[in-house]
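Asks: I have a structure I would like to understand better, so I am pasting it below and will then ask my questions one at a time.
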Amino acid sequence: ADPLTVGVLIPGSKSDKGWMESGFDGLTAAQKEFGAKIKVQMIENINYADMEQALTNLAGKNQLVIGVGGQTQAAVMKIAKRFPKTKFSIVGGSKGDGLPNVAGYDVKQAEIAFVAGAAAAMLSKTGAVSYVGGMEIPSIVNAGKEFGKGAAYINPKIKYFENYTGDFDNVAKSKEATLAAIAQGADVHYHILNLGLRGMEQAAKEKGTHIIGSYTDRCGSDPLYIAYSITGVGFQVQYAIKELVAGKWAAGYKPFGLAMGPAASDMKVCGATPEMKSKLEQIKKDILEGKIKVLEG
Amino acid sequence: MSTLLIKQPAALLAFLKARPAMWIAFLAVAAALLIGLLLVHLIGVPIGDAVAAFAEGAWGSPYAIAASINRSLVFALVGLGFVLADRANLTNVGGEGQIAIGGIVATAVSLYGHVSDLPFGLAFLLPLLAASLAGGLWGGLAGVLKARAGTNEVIATLLLSFIAVWMVYGSVQSVALLRQPMTHSNTLPESLEIPDPTKLPLLTDDYSMPLHSGLLFGFALAIVVALVLNKTVFGLRLRAVGLNPLAARRAGIAISASVVGVLFAAGALGGLAGACMLQGEQYSLKAGFSSGYGFDGLVVGLLARGSVVGVIAGALLFGFLRSGGINMEMVAAVPTALVVVIQGLIIVILAGAALSMQRWEVER
Amino acid sequence: MSVEMAAVFIGSTIRLAAPLMLSASGELLSERTGVLNMSVEGMMLTGAFAGAVGAWATGSPMLGLLIGVVAVIPVALLQAVLSITLRANQIVTGIGINILVLGATTLAYREIFGGRSRAEIPGLDKWAPPGLGDIPIFGDQVFQQAWLLYLGLALIAVLAWVMRYTALGLALHSAGSAPRAVDKSGLSVNTLRYGAVLFTGMMSALAGCFLSIGDIHTFTEGMTNGTGYLAIAAVIFGNWKIGRTLLACLLFGAATALQFQLPAMGIEVPSALLIMLPYLLALLAVGGLVGRQTAPAALTIPFVR
Amino acid sequence: MFILPEVGQAPPPVAAPPALLRLQGMSKRFGSLQALEDVSLEIAAGEIHCLLGENGAGKSTLCNLIFGVYQADSGSMQLAGADYRPSGPADALSMQVAMVHQHFSLVPDLSVVDNLLLGQARGVLRRSECAERVQALSQRFGLQIDPWLRISDLSVGERQRVEIIKCLMREPRLLVLDEPTAVLLPDEIAALLEVCQRVAAEGCGVVLVTHKLAEIQKVAQRATVLRGGRVAARSEQPAADLDALVQAMIQRSGEARTSPAAPSYQREAAGQPRAEPALMIDGVSVKDADGVTRLDNFTLIVEPGEIVAVAGVEGNGQSELAAVISGMRPASQGRLFVKGRELTGRSPRQITAAGVGVVPEDRHAVGCVSGMSVAENLFLDRLHRFSRYGLLDRKRMRAAALELMQRFDVRAASPDVSFAGLSGGNQQKAVLARELTLDGLSFLLAAQPTRGLDVGAVEAVYEHIRAVCAQGVGVLLISSELDELLKVADRVVVLYRGRIVGSCTAEPGERARIGAWMAGQAA
Ligand SMILES: Nc1ncnc2c1ncn2[C@@H]1O[C@H](COP(=O)(O)OP(=O)(O)OP(=O)(O)O)[C@@H](O)[C@H]1O
Ligand SMILES: Nc1ncnc2c1ncn2[C@@H]1O[C@H](COP(=O)(O)OP(=O)(O)OP(=O)(O)O)[C@@H](O)[C@H]1O
Ligand SMILES: [Mg+2]
Ligand SMILES: [Mg+2]
């Protein structure tokens, strides 16, 4: 049979060292996995004004269109109405007006952020942790909130500083934001940044503090990072394609996060002690069972 | 048969010979595109594929054409504003901000101005009007600063742009302003979609070719601006103000009023452009909705060198270029960065060719 | 605000202002000679990119810096040829070059680093003036900076001296305020302007390198985002005087730094407001607080005999 | 002896001292306009060679060719026997050829010293040393100037001095002066001419462009007349040939020019029944930005049909007076009436509407928009005449412009050419044409109206002024040329340090008194 056609819209830069890149990783992984079974068209760096046109072009040529990021949601909803026969998946989507051909995958960064907060609290020697987010969009803000809560869950007296630079990619700003937190005593930093992460790395390097990385587990590759929180943006891209290939693709809201298993969302502390491990597992379990309530997004 | 083939280019040549300036502009763009293709080749993409993809994306389908033209409209409106102010020797680089303000106001009025039920298309006309007004005030502000404090308008409009863009960001951050109600914790920081009556009616029957009625305003205004610049006393006075304010004042022309007025007009055109983007295409306000179109419009205006025809030509060029670029990347996997490079080349080469164009025009 | 915080605030102000100060003082010179160099942004980006690549390829940040400065020359020449020899509109050429460079650097970066590498880019060492470095808290937070900053300040001092006390300074100044006079006094206006644009290029390259291999040891696509335009704002804000321009840069830096201090001190302000603060301040300033600006008479006007 | 050569014939070698600069068959055209055609000329070392000709004759262009500002289309030059082909001013200067332009080439926001050092000094500036040289030169040639002042703070006359010092500092072999005296005061002129003589005495060749016969009479060793870009006449002893020179210069359109200055109108004017005064200035004071009083309690009445002249050394408040009357600048005190209507603090528009015509002193700054066409400049203040529904009727405007240009003898290829392309004198005539034809003209302010105009043109201007005055228009003539105001005005008031220090009827007999007042010797 001729290959299934998949169109992917990455609003940011596919090499942003963060969300977009992780989504792109997922795409390349899927291409490896299914080889000739799928044919992919990809487009990146699309601003709002051009998004509809890009989506329309993709929707016209492909069976499945994946929008990587919540910011594509509004446009996708609009275009989906015009292309009822095309399937749409929004990575980082939310409960939207349930169109029959749109699936919203909720990354639930907040869940893992809570766990990350807990881990940070365990790893912090100074009893102060910090978080730097890019834009103030809910998923980012909620993650920040939950990170704080998670830390407090382990150590009620923990000091917590959060900051939003308004730009996922601005290195200078995220560096200064981190330095400010360090000056307040923070020694473990969490983030949802893209290119901006490099700024945080530099700050930590200069001041000898540590970072909890995100998206993929790279333990041991860099001493600066003492833990990684895995949020499967890539996994969800892969998932959408897998479902399509298997003919199981379904519309509607789908919460990911811990419920979908470690590939979707997990917490890795590099060289963690057994009790740390168990504690974190416990927390994850409590979240899944709803003993611990966390925000969505 | 063969004669037919020859005739057409011959006709084109004759046409261009009659208009040397256009001839040079044409060459400049061609040169830029050629260099672009060369780069495409160097990147390792078969040129044939790239060109095909470009053509398809730019004018390959009714939708593509409409999308390109809608985009050109925005560029053109901003560009018109630019040449208008330029006549008084004022450089309005504030298009981006004027678009942003226009967008905010258009959204606010459409959503909360109780206009949806009004008859005679007032439902979408009022938001357009309000947006133009707001954009005008935003531009006029730079004029006031210039008249009062002698503030350089380049910097004033530029700063006002940055501020306006972040105002959009702020206005969709809080529910108290334009953000949609927080139905749950990760409601996106965007406005609600504006009600249907406030959307600009399509000139076509459906979205297979979403040309919207903003285009009509565009045409009308292009004609008006052309008249003002070339045929009216006001246009001549603006020129005097631009060339020698002192002498103009001596001759009884009100300098401050002219400066504020013309920047207001430019701003209004920018605001209208913003409203068109929002009411004609995007329908809901998001941080960064202006998408840098204000700066593209500025470039269009700069390259037009005072001519309305130039504005329209430039706007169409950039509008279609962008459409083609999107598709080139999608289908032929030509990196967006390369499309950016090509756009930069066109600007630089056209700018460089401007002098020789002037020479030609002087000759005639 | 604790002493510690104050120190951090000052330190981060300086770091955020540094690239502005470097590029603005360069821009100041070319505007003084009559060329509005809108391409500072592009020149900075070129410097940042070439500097990073150079440092990565040679493994020596020193060489990287050198390469960054050399790499900006063609860009500066392009700007010069277009706006001086071809008498093209200076704003249009500037914006054109900025777009061109943004595209080119992104493209090249991906060609070189395959887009998604985590390649380590060596950066310049930090340095503190002897003595000052040892002051408790401040020594570390404020004076401990990439030595490029101090080099830049030295260059700016030299620039100020040249403008004030040498024949060259006189000629440069006059090229912008009375080019006909310069021409009739037997000097070449355009040569002076070419020189100034090249100097702007060099300073912008240093500014770019400060971003990429000085402050943060990395290059990211379009990493200058807007600094160049802010530098131009600073020049106008500073009313084309070097001292005031530097102050403007520091003010912008401080306004930006506040963004990170306030939340860290638990003060709640809508971040949109904080982010637009530098622009707001700049606007208020140029809107009368600094009085009428008097631009060089021949600014943006190409010279024809 | 006096020669009217077939143009182009080389000048006779007779009795001429060895040539320092020799021009042969020089031609220069600007677009369609042949500014110079086949001009041959010799300037000897140590001579003062006067260049005269009506506006647009090509004098400045010739100067600019010698100084390398423009390159000739054809023809050749030799400097001291060697081929001389200056590629630009720099080149000319390097061969010790210096020029003073009518339009100063000074840097306004720099000090005198810095202006003198510009292009001269290398490396680190030695300002005080330069200042001393200036002092020395001032002594040597009697050119008083404070080397530390900013150019923008200097009067026109002072700027001129700076220009000349600039040239002298280069110890030139050949010094070219394009209408240096047009902006100077009587005593300044005398001083300048003396400078020229001293310079010549030191063996330097001097080319002096002027419209003033008195000067030619005083200093010229030889004179060459240009007409329409060709050599119209030469004279070996100009002083003797003055009349012939003038004839050669204005031959073309004779009678209109050479009509005697019959002051008949004035009598009538005086005889008219007393109407509202055309202008009444009541205790007007003006302070400048630094709070210095520039014009102090100035009170004056100009009757209809009367010509009142304001005499005075430049920079004694004339500019401020003009600025206030034309509405370009508010008075810090006092009131202003025209035909009984109060116009205090009104805008230039309202003042123009009230029938006040203004010929500004500095035409390049306020008089015209040099980037626009001649026609546009002629009607800038009354475009509404040619407007229907806001649209501009260019045809009618062009026609009206042509008519006006003929009436006021403004010489330009067409009404559509750029105003900047007009020779300075013609620019001035165009401005006059505009202001004198203002509808409802009831008062005319004319500041230095004849500056830079040739003899014929000057006469024409006086004619025009007298004509409007005969129709009951009051005229305020600001001039620093004694002859002029004595010839034209009925009454003279003298401004000194912003105050009226003296006032008298305009009769030749008063010359001495006026001079004294101007010099500040209060009556
Ligand atoms: N750069 C130029 N471009 C076009 N026309 C010019 C230029 N320079 C001079 N002309 C024209 O050449 C003719 C000679 O000009 P020029 O200034 O030499 O006359 P002039 O003798 O100096 O007149 P005036 O006595 O008014 O100074 C004039 O008609 C003038 O309009
Ligand atoms: N680049 C130019 N383009 C057009 N016209 C010019 C240019 N340069 C000079 N002119 C005109 O040519 C003439 C010669 O130049 P110059 O500056 O010597 O004027 P000028 O003859 O000295 O005028 P005036 O003596 O009346 O002040 C002037 O009238 C000037 O207006
Ligand atoms: Mg002349
Ligand atoms: Mg003259």
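The values are calculated or read from the model by the stated rules, or taken from the named source; none is laboratory data. Note that this is a predicted model, so its numbers are computed, not measured. Every residue, glycine as well, gets a Cβ built from its backbone with ideal geometry; the counts of neighbours run over all protein chains shown.
Asks: Restricting attention to region D:212-228, does a residue exist that is at pLDDT 85 or above, within 30 Å of D:G315 (Cβ to Cβ) and part of a loop (DSSP other than H, G, I, E, B)?
Replies: yes
Asks: Sticking with this one: Specify which of the listed residues (C:S83, C:S117) is at pLDDT below 85 and among the polar types (S, T, N, Q). So that I can check it myself, show each step before the final result.
Replies: Details: C:S83 fails: at pLDDT below 85.
The match here is C:S117.
Asks: Can you name the residue in region D:81-102 that is within 10 Å of another protein chain (Cβ to nearest Cβ) and part of a loop (DSSP other than H, G, I, E, B) and is also farthest from ligand 2 (Cβ to nearest atom) among such residues?
Replies: Out of the qualifying residues, it is D:G88.
For (1) within 20 Å of the chain's Cα centre (by Cα); (2) within 13 Å of chain B (Cβ to nearest Cβ); (3) under 30 Å from C:S174 (Cβ atoms), each residue gets a yes or a no:
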{"residue": "C:L247", "(1), (2), (3)": "yes, no, yes"}
{"residue": "C:G253", "(1), (2), (3)": "yes, no, no"}
{"residue": "C:M265", "(1), (2), (3)": "no, no, no"}
{"residue": "C:L273", "(1), (2), (3)": "no, yes, no"}
{"residue": "C:P278", "(1), (2), (3)": "yes, yes, no"}
{"residue": "C:L281", "(1), (2), (3)": "yes, yes, no"}
{"residue": "C:V304", "(1), (2), (3)": "no, yes, yes"}
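Asks: Condition test on D:A433, is it at pLDDT 85 or above, away from ligand 3 (no atom under 16 Å from the Cβ), away from every other protein chain (no Cβ under 12 Å) and touching a Phe, Trp or Tyr at 6+ places or on another chain (Cβ under 6 Å)? Quick ask: steps written out before the conclusion?
Replies: Working: at pLDDT 85 or above: yes; away from ligand 3 (no atom under 16 Å from the Cβ): yes; away from every other protein chain (no Cβ under 12 Å): yes; touching a Phe, Trp or Tyr at 6+ places or on another chain (Cβ under 6 Å): yes.
Yes: the conditions hold for D:A433.
Asks: Hey, D:L392 hits all of (1) of a type in the set (A, V, I, L, M, F, W, C); (2) free of Cβ contacts under 8 Å to residues at least 12 places away in the same chain; (3) surrounded by fewer than 17 Cβ atoms within 10 Å (Cβ to Cβ) but one; which does it fall short on?
Replies: (3)
Asks: Please work out which residue is nearest to the chain's Cα centre (by Cα), limiting yourself to region D:42-81 and to residues that are away from ligand 3 (no atom under 16 Å from the Cβ) and among the aliphatic types (A, V, I, L, M).
Replies: By that ranking, first place goes to D:I48.
Asks: Taking interchain pairs and intrachain pairs at least six residues apart, which have beta carbon atoms under 8 angstrom, with the first residue in region C:130-144 and farther than 19 Å from C:A254 by Cα and the second in a loop (DSSP other than H, G, I, E, B) and of a type outside the set (A, V, I, L, M)?
Replies: Listed pairs, sorted by first residue: C:G133/C:Q144.
Residues are listed down the side, and each one gets a yes or a no for (1) within 13 Å of ligand 1 (Cβ to nearest atom); (2) of a type in the set (A, V, I, L, M, F, W, C); (3) farther than 30 Å from D:V461 by Cα:
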residue: D:M26; (1), (2), (3): yes, yes, yes
residue: D:A35; (1), (2), (3): yes, yes, no
residue: D:I48; (1), (2), (3): no, yes, no
residue: D:F67; (1), (2), (3): yes, yes, yes
residue: D:Y84; (1), (2), (3): no, no, yes
residue: D:L93; (1), (2), (3): no, yes, yes
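Asks: Answer yes or no as to whether A:P156 is under 30 Å from A:L288 (Cβ atoms) and surrounded by fewer than 18 Cβ atoms within 10 Å (Cβ to Cβ). So that I can check it myself, show each step before the final result.
Replies: On the way: under 30 Å from A:L288 (Cβ atoms): yes; surrounded by fewer than 18 Cβ atoms within 10 Å (Cβ to Cβ): yes.
Yes; evaluated as a whole, the condition is true for this residue.
Asks: With within 16 Å of ligand 3 (Cβ to nearest atom) and outside the structural domain of D:G315 (by TED's automatic domain parsing) as the only criterion, which of D:S414, D:S418, D:S423 stands out? Write out each step before concluding.
Replies: Values: D:S414 fails: within 16 Å of ligand 3 (Cβ to nearest atom); D:S418 fails: within 16 Å of ligand 3 (Cβ to nearest atom).
Result of the check over D:S414, D:S418, D:S423: D:S423.
Asks: Looking at this structure, is B:L145 part of a loop (DSSP other than H, G, I, E, B) and touching a helix residue (DSSP H, G or I) at 6+ places or on another chain (Cβ under 9 Å)?
Replies: Values: part of a loop (DSSP other than H, G, I, E, B): no; touching a helix residue (DSSP H, G or I) at 6+ places or on another chain (Cβ under 9 Å): yes.
Against the criterion (part of a loop (DSSP other than H, G, I, E, B) and touching a helix residue (DSSP H, G or I) at 6+ places or on another chain (Cβ under 9 Å)), B:L145 does not qualify.
Asks: Which one of the conditions (1) at pLDDT 90 or above; (2) more than 23 Å from D:V338 (Cα to Cα) does D:S480 fail to meet, given that it meets all the rest?
Replies: Among (1) at pLDDT 90 or above; (2) more than 23 Å from D:V338 (Cα to Cα), D:S480 violates only (1).
Asks: Only residues that are more than 12 Å from chain B (Cβ to nearest Cβ), in contact (Cβ under 8 Å) with a residue 24 or more places away in the chain and not hydrophobic (A, V, I, L, M, F, W, C): list them for region C:65-108, please.
Replies: Of everything in region C:65-108, just one residue is more than 12 Å from chain B (Cβ to nearest Cβ), in contact (Cβ under 8 Å) with a residue 24 or more places away in the chain and not hydrophobic (A, V, I, L, M, F, W, C), namely C:G68.
Asks: Still on this structure, I have one more. Wholly within region A:103-203, which strands (runs of 3 or more DSSP E) include no fewer than the required count, namely at least 2 residues that are small (G, A, S) and closer than 28 Å to C:E120 by Cα? Let's see the steps before the verdict.
Replies: Working: elements: A:128-133, A:159-164, A:188-192.
The qualifying strands (runs of 3 or more DSSP E) are A:128-133.
Asks: Please verify whether region D:356-371 includes one or more residues that are more than 9 Å from chain B (Cβ to nearest Cβ) and of a type in the set (G, A, S).
Replies: Yes, the conditions are met somewhere in region D:356-371.
Asks: Which residue out of D:L336, D:L383 is in a helix (DSSP H, G or I) and either away from ligand 1 (no atom under 16 Å from the Cβ) or touching a helix residue (DSSP H, G or I) at 6+ places or on another chain (Cβ under 7 Å) (or both)?
Replies: Numbers: D:L336 fails: in a helix (DSSP H, G or I).
That would be D:L383, the only listed residue that is in a helix (DSSP H, G or I) and either away from ligand 1 (no atom under 16 Å from the Cβ) or touching a helix residue (DSSP H, G or I) at 6+ places or on another chain (Cβ under 7 Å) (or both).
Asks: Sticking with this one: Out of D:L445, D:L441, I need the residue that is in contact with a strand residue (DSSP E or B) (Cβ under 6 Å, 6 or more places away or on another chain), away from chain B (no Cβ under 14 Å), under 19 Å from D:T352 (Cα atoms) and more than 16 Å from ligand 2 (Cβ to nearest atom). Which one?
Replies: Details: D:L445 fails: away from chain B (no Cβ under 14 Å).
The match here is D:L441.
Asks: Go through the residues of region D:407-427 one by one and say whether even a single one is within 14 Å of ligand 4 (Cβ to nearest atom) and in contact with a strand residue (DSSP E or B) (Cβ under 8 Å, 6 or more places away or on another chain).
Replies: Narrowing region D:407-427 to residues within 14 Å of ligand 4 (Cβ to nearest atom): D:411, D:420-427.
Now drop any that are not in contact with a strand residue (DSSP E or B) (Cβ under 8 Å, 6 or more places away or on another chain), which leaves D:421.
Taking every residue of region D:407-427 in turn, at least one turns out to be within 14 Å of ligand 4 (Cβ to nearest atom) and in contact with a strand residue (DSSP E or B) (Cβ under 8 Å, 6 or more places away or on another chain).
Asks: Another question, then. Examine region C:90-97 for a residue that is out of contact with any His (no Cβ under 7 Å at 6 or more places or on another chain) and surrounded by fewer than 24 Cβ atoms within 10 Å (Cβ to Cβ), and state whether such a residue exists.
Replies: Start the filter on region C:90-97 by keeping residues that are out of contact with any His (no Cβ under 7 Å at 6 or more places or on another chain), which leaves C:90-97.
From the residues that got through so far, the ones that are surrounded by fewer than 24 Cβ atoms within 10 Å (Cβ to Cβ) too are C:91.
Scanning region C:90-97, I find at least one residue that is out of contact with any His (no Cβ under 7 Å at 6 or more places or on another chain) and surrounded by fewer than 24 Cβ atoms within 10 Å (Cβ to Cβ), so the answer is yes.
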